Each structure stands twice: as C-alpha cells, then as structure tokens.
Amino acid sequence: MNILVTGFDPFGGESVNPALEAVKQLPSSIGEHQIDTLEIPTVFHQSIEVIKMQLAQKYYDIVIAVGQAGGRSEITPERVAINIDDARIADNQGQQPIDQPIQLEGAPAYFTRLPVKRMVEEMKKNGIPASLSNSAGTFVCNHIMYQLAYLADTIYPTLKTGFIHVPFAPDQVVDKPGKPSMSIPLMTKGLEIAIQTCIDHDTDIHAALGTTH
C-alpha cells in the first residue's frame, strides 16, 4: 500500500503544530507499505489543492490528515466531516468563512472509510490515550477531512480517507494552565498504530465507543 499522511502548519498564534511535528517523525515505511508525509497550509481550500497535487503524482490507497485539537487530552480519530465552514478564527491567510458550504454539490456529511474504532482500541491497548470523536469542528480540520472524502466520492473511488486530531504538545501549554498535552513521540507512536490498523483491517469493529453528548 501507499499511504499519505498530512500535517498542518502552525496556526492561531502558535509557533508549532504538534500534528505536523508528529507526522514528520513517522517512518518512511511500515513493513512493505510506503508512508509519505506532506505539510499542508492551515488555509481553507488551498490545503486541498496541495494534496491534489500530490495525488496527481502518485497512487495512494489511504490518505490520513492530522491536525491539532488544543484542549483534548487524547488522540482522536474522527468519524464524520460535515459540509460547512464556520470559522471562529481566521485561517493563515486571514479568511474566516461563516456558514459556507465546502462543496455546493457535496453530500451534507461524509463518514470516514477508515476503521476508526479499531484504531482507538489498538492505541489504548498500547497505553496511548485515545477516543473516538464525532465532531472535527468547523475549521480547516473538518474542511480538509470533508474535501478528502469528497475527492474519494467523486474522483478516487478506491481511496480511503480520514482524519486524526492530536492534543497540544507540552511546550504549548506552559502558558495555558489546566490544558492537557501529549509528547510528540507518543503522538507519533499513536499515529503509527493507527496506520498499522488501517493496513491490517478493511472493516471496523462493533463496539460501544459513542458519547452521550
């Protein structure tokens, strides 16, 4: 398999993005499966254009985007992306779309095609805090998850796509009392396990990982 893993550049006044730093530390392969990494801008619409250029150059079986979710304490694979941009803050080019559809002809939402519950369970088995998320927000993270699923739905029918959020890194919370964090090496280990799970399994498990709110 060929697997592409993307990470966003820093945004929101942060000097680093732990998602990108964790992605950079991934190995170039897992067994015989090639892993390519790609930095993408935290910019609405431009981010997917960077990925499209990479997809035009090489065949991929899986694309996983990774982003920062400051305030979360666990690695959280995302289950669903919704067709809306509703930005509380501006992106890295000053854009702040509010209540705008991502794709006028797209579905209201797309569910990931990755075995996200398996990913969560495998990370937890290996001592890595993880949980399933049912909301990727309405900023560029949700945007890119939706755009990838839209590409798979309309252009690349065999492509499996998904998104994983990671917490702040420790140095980001020095001036954020009470905010949780996770080390970059632990994030990278979690991502490796998540990727390995996608390699090993086409289907997800039937497990009660939902939430009450």
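Full extension of the chain between E105 and I155 yields a length gain of 16.6 nm, computed as 0.36 nm times the residue separation minus the alpha carbon distance.
Gap in Å between the Cα centre of the range 1-43 and the Cα centre of the range 67-101? Using only Cα atoms, the two centres lie 17 Å from each other.
For the chain, what does -39500 (n - 2.57) per DSSP helix run (n ≥ 4), summed and divided by total residues, give at 222 nm, in deg cm²/dmol to the nearest 500? Provide the component values of the computation, followed by the final result.
On the way: 5 runs with 61 residues, N = 213.
Helix contribution divided over all residues of the chain: -9000 deg cm²/dmol.
Segment Q46..T211, full-extension length gain: 56.1 nm, with 0.36 nm per residue of separation and the alpha-carbon distance subtracted.
Residue separation of D61 and D202 scaled by 0.36 nm, minus their Cα-Cα distance, works out to 49.6 nm of gained length.
Label zone of Q96 (point 7 Å out along Cα→Cβ, amide N under 20 Å): in the range 4-21 this covers 10-15. Over the chain, the ratio between the Cα radius of gyration and 2.2 N^0.38 Å evaluates to 0.94.
Measuring r between the beta carbons of R88 and K124 and using R0 = 35 Å, the FRET efficiency lands at 0.70. Each Lys or Arg adds one and each Asp or Glu subtracts one; over the other residues with Cβ under 11 Å from the Cβ of G210, this totals +2. Local charge for H45 was computed over the other residues whose Cβ lies under 13 Å away, with Lys and Arg +1 and Asp and Glu -1, and equals -2. Neighbours of I62, meaning other residues whose beta-carbon lies under 15 angstrom from its beta-carbon, give a summed charge of -4 when Lys and Arg score +1 and Asp and Glu score -1.
Averaging the inverse of every distinct alpha carbon separation and then flipping it gives the Kirkwood radius. What is it for the range 103-187, in angstrom units? Kindly include the intermediate steps, with their values, before the conclusion.
Numbers: mean 1/r = 0.0671 Å⁻¹.
Hydrodynamic radius (Kirkwood, Cα only) of the range 103-187 equals 14.9 Å.
Remark: for residue pairs K117/K176; K58/K125; K52/K125; K58/K179; K160/K189, the C-alpha separation exceeds 28 Å in K117/K176; K58/K125; K52/K125; K58/K179.
Coordinate-derived values only; no laboratory data. From a predicted model like this one, the values you see are computed outputs, not experimental measurements. For neighbour counting, all protein chains shown are included, and Cβ atoms are generated from backbone atoms with ideal geometry for every residue, glycine included.
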